[in-house]
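J.: I'd like to ask you about the structure that follows.
The values are calculated or read from the model by the stated rules, or taken from the named source; none is laboratory data. This structure is a prediction, so every number in the text was calculated from the model and none was measured. A quick note on method: Cβ atoms are made from the backbone with ideal geometry, for glycine too, and the neighbour counts reach across all protein chains shown. The accessibility values were calculated without ligands, DNA or RNA, using every heavy atom of the protein model including side chains. Shrake-Rupley method; radii C 1.70, N 1.55, O 1.52, S 1.80 Å.
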Amino acid sequence: MRIIRTIRQMRKEIPALRNKGQTIGFVPTMGAFHEGHLSLARKCRRENDICVVSIFVNPAQFGPREDCKKYPRQEKQDIRLAKKENVDIIFYPSEKEMYPASFLTHSRKTSVSTFGLTRVHIARLSNKLCGEFRPGHFDGVTTVVAKLLNIVRPDVLYLGQKDAQQAVILRQMIADLNFPVRVKICATVREPGGLAMSSRNAFLTPQQRKEAAVLYASLKEARQKIRAGEQNPGKLLRQIKQRIIRRSSAQIDYAACVDADSLDPIKDIRSHKRILFALAVRLGGTRLIDNIVVSGK
Ligand code: AMP
């Protein structure tokens, strides 16, 4: 496994692999690997000649009061885990490598919405759901992923369903800006109790971790009710919220029932093929998200 820290080196190595006719799969991450990340790396490994994983805690996607500084970083362990999965290349750039002074000119680095002069903004989709609570967050995500796609130039991009809105937005960006890459969305990997794996789970106390299982339990309950004939999204969302409030100390940012592609709110379950139930809560100081896709038709 090669660890490459500069864009220059990537530009040397990737074309050489391409010229040999090798296919390149790519998994962008912020590190602190768990089974969710590793499941993406495994799929990427299986389906491509070359498996590239990037590790970069992207400051452009964190708000000024968010957890960029204290986001878990565990370089040695991540490298060991990636090796075990037979990853070929880890792209591990520094902040300066991704955002040199020329990128940051005339901007304040402290606020997500003034980070750099250049940014990729996917209108409408970026302002809904998490975008309402984290202004500028998805611009940070799309900007860094656009940069990474230009650096890695993969054939296939692997993303997790765990970050459903991110996946929808990145698909839109890739289609609209004609990035020559296919996108594969991989299933959410969960703890035995149902909690979606996340690097942020490390911040939870044992008690909060137990309580956090209510997120997935409430989503599953909604799915069961739909299967049993319930068609009213408002009623389902009220039940989800009630269950979370009763069984945990979580503060709910939102619980939403939207079309899985447009992210527009749904009025009638039966008139949509793929319905996304999405949740964001804060448990102590930790923000958790989860979602489930249900077929309505
Ligand atoms: P992150 O390091 O949180 O930016 O995540 C990197 C990639 O891993 C993203 O595409 C995430 O959606 C995906 N991912 C994170 N957690 C999970 C999970 N529990 N199951 C599946 N994919 C995940």
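J.: Straight-line reach from LYS147: which lysines have a Cα under 16 Å away, not including same-chain ones fewer than 8 places off?
T.: Partners within reach: LYS96.
J.: Once neighbouring chains are kept in place and the probe is 1.4 Å, which whole percent of the accessible area of the chain is contributed by carbon and sulfur?
T.: Of the solvent-accessible surface of the chain, carbon and sulfur hold 49 percent.
J.: For the range 158-297, taking Cα atoms only, what is the radius of gyration to one decimal and the Dmax to the nearest whole Å?
T.: 15.4, 47
J.: Follow-up question, since we're still on this one. Taking only the C-alpha atoms, wrap a convex hull around the range 212-275 and report its volume per residue in Å³ as a whole number. Intermediate results must be reported in sequence, preceding the final value.
T.: On the way: hull volume 5.3 nm³, N = 64.
Enclosed volume per residue, from the Cα hull, is 83 Å³.
J.: Give the dimensionless ratio obtained when the Cα radius of gyration of the chain is divided by 2.2 N^0.38 Å.
T.: With N residues counted in the chain, Rg over 2.2 N^0.38 Å equals 1.01.
J.: Here's another thing I want to ask about it. Give me Rg over Rh for the range 238-291, both radii from the alpha carbons and Rh done the Kirkwood way, two decimal places.
T.: With Rg and the Kirkwood Rh in hand, the quotient comes to 1.04.
J.: Could I ask something else about it? Between ASP268 and ASN150, what FRET efficiency follows from the Cβ-Cβ distance if R0 is 51 Å, with the result rounded to 0.05?
T.: Details: r = 41 Å, r/R0 = 0.81.
Computed FRET efficiency for ASP268 and ASN150 comes out at 0.80.
J.: Using the Cα centre as the reference, give the magnitude of the dipole from point charges on the C-beta atoms of the chain (Lys, Arg: +1; Asp, Glu: -1; all else neutral), rounded to the nearest 20 debye.
T.: Using only the charged Cβ atoms, the result is roughly 380 debye.
J.: Another question, if that's okay. Would you list which lysines come within 18 Å of LYS20, measuring only between C-alpha atoms, while excluding same-chain residues fewer than 8 positions from it?
T.: LYS12
J.: Please give me, ordered by residue number, the trypsin sites (Lys or Arg not before Pro) of the range 23-66 that lie in loop per DSSP and have at most 13 other Cβ atoms within 10 Å.
T.: Within the range 23-66, the qualifying trypsin sites (Lys or Arg not before Pro) (loop, at most 13 other Cβ atoms within 10 Å) are ARG65.
J.: According to the square roots a ≥ b ≥ c of the eigenvalues of the Cα gyration tensor, what is the shape class of the range 74-168, taking rounded for a/c under 1.5, prolate for a/b larger than b/c otherwise, and oblate for the remainder?
T.: Values: a/c = 1.96, a/b = 1.32, b/c = 1.48.
Judged from the Cα gyration tensor, the range 74-168 comes out oblate (a/c at least 1.5, b/c at or above a/b).
J.: I've got another one for you. What is the gain in length, in nm to one decimal, between TYR254 and ARG5 on full extension, counting 0.36 nm per residue of separation less the C-alpha to C-alpha distance? Present the calculation step by step, with values, prior to reporting the outcome.
T.: Details: separation 249, 0.36 × 249 = 89.64 nm, distance 3.80 nm.
Here the answer is 85.8 nm.
J.: Of the listed pairs LYS128/LYS220; LYS184/LYS241; LYS220/LYS241; LYS43/LYS84, which have alpha-carbon separations greater than 21 Å here?
T.: Values: LYS128/LYS220 23 Å; LYS184/LYS241 31 Å; LYS220/LYS241 13 Å; LYS43/LYS84 14 Å.
Cα-Cα > 21 Å for LYS128/LYS220; LYS184/LYS241; rest within.
J.: Give the relative contact order (percent, whole number) for the chain; include only Cα pairs under 8 Å separated by 6+ residues. Walk me through the intermediate numbers first.
T.: Numbers: 523 pairs, mean separation 46.7, N = 297.
Relative contact order comes out at 16 percent.
J.: Could you compute the net charge surrounding GLY31? Neighbours are other residues with a C-beta less than 10 Å from the C-beta of GLY31; K and R count +1, D and E count -1.
T.: Residues near GLY31 contribute -1 overall.
J.: Here's another thing I want to ask about it. Using 7 Å Cα-to-Cβ label points, what is the GLU191/ARG80 separation (nm, one decimal)?
T.: Rounded to a tenth, the inter-label distance reads 2.2 nm.
J.: Might you tell me the accessible area per residue for the chain, computed with a 1.4 Å probe and given in Å²?
T.: On the way: 14410 Å² over 297 residues.
Here the per-residue accessible area is 49 Å².
J.: Rg/Rh for the range 133-240 to two decimals, with Rh computed the Kirkwood way over all alpha-carbon pairs. Mind showing how you got there, number by number?
T.: On the way: Rg = 17.3 Å, Rh = 16.5 Å.
Ratio of gyration radius to Kirkwood radius: 1.05.
J.: Need the full-extension length gain, ALA217 to GLU47, defined as separation in residues times 0.36 nm minus the C-alpha distance. One decimal, nm.
T.: In short, 58.0 nm is gained.
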